[in-house]
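No value in this document is a laboratory result; all are computed from the given coordinates. Keep in mind that this is a model prediction, so the values were computed, not measured. Backbone-built Cβ (ideal geometry, glycine too); neighbour counts: all protein chains shown.
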Amino acid sequence: RGALDAAAGDLVIGGAINVGGGSSASGRSLTILGAHDVFLNGPIEGTGTSASAGGVITKNSTGLLHIASNSPLWAGRIGIDVGVLRISAPDALGDPNSRTLVQGGGATGKSRLELAGNVTFAPERLELTGRDIGSAPIHLSIFSGSNTWTGNSILRTRGAEYGFESTARKLTISGNVL
């Protein structure tokens, strides 16, 4: 299991990053840690799938994770347990047949996916864990520009509130909310 730990300052990765090193076996995953920001400016690659034991990216930090490049060779899933994942490329989350989970439910659930840059995003499946009533349950929001989310949004259990927010321009959700 690998980690990118931005405990002492921001991390910027300019080239490709391979999650799992050619294997989707258990333990061949990547965890994002630290209070500072991590910028993945190159593509994500790896052999994980939406159901494999490995080949998973887990965001488990208060710092921002920004994926700025398309990742057509990435098929693994992404879990946002803590903090914000910001994407600014149509295929930043990789293969649309995979999935991204916005978790961090309960009373303190503040994890979210932010969209940036006037983009129509690939139809990635977005799974949202419910949050407790009154917990400010924003799961999907806009950071900048007018953006379109084309994938389905699946409302999972644990809490009773789910949130979509547009504080910038316009958020269009063209996929189903199930």
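Fully extending the segment from residue 144 to residue 70 would add 24.8 nm, taking 0.36 nm per residue of separation and subtracting the current Cα-Cα distance. Look at (i) 30; (ii) 19; (iii) 44: the one that is percent of Cα pairs over 27 Å apart derived from this structure is (ii).
Approximating the spin labels as points 7 Å out from Cα along Cα→Cβ, the residue 166-to-residue 13 distance works out to 3.2 nm. Just check the stretch 1-86 against the gyration tensor rule for me: Cα atoms, a ≥ b ≥ c as the square roots of the eigenvalues, rounded for a/c under 1.5, and otherwise prolate or oblate depending on whether a/b exceeds b/c. Taking the square roots of the gyration eigenvalues as a ≥ b ≥ c, the stretch 1-86 is prolate. Charged neighbours of residue 33, selected by a Cβ distance under 14 Å, balance to -2 (K, R count +1; D, E count -1). What the phi angles of the stretch 49-54 give under the Karplus curve with 6.51, -1.76 and 1.60, with θ = phi - 60°, is a coupling list of 10, 5, 10, 5, 6, x Hz, glycine and proline written as x. Projecting label points 7 angstrom from Cα along Cα→Cβ for residue 154 and residue 120 puts them 2.5 nm apart. Other residues whose C-beta falls under 12 angstrom from the C-beta of residue 78 contribute a net charge of 0, scoring Lys and Arg +1 and Asp and Glu -1.
Other residues whose C-beta falls under 15 angstrom from the C-beta of residue 93 contribute a net charge of 0, scoring Lys and Arg +1 and Asp and Glu -1. Tell me the relative contact order for the stretch 1-156 as a rounded percent, counting alpha carbon contacts under 8 Å between residues six or more apart. With pairs under 8 Å counted, the relative contact order is 16 percent.
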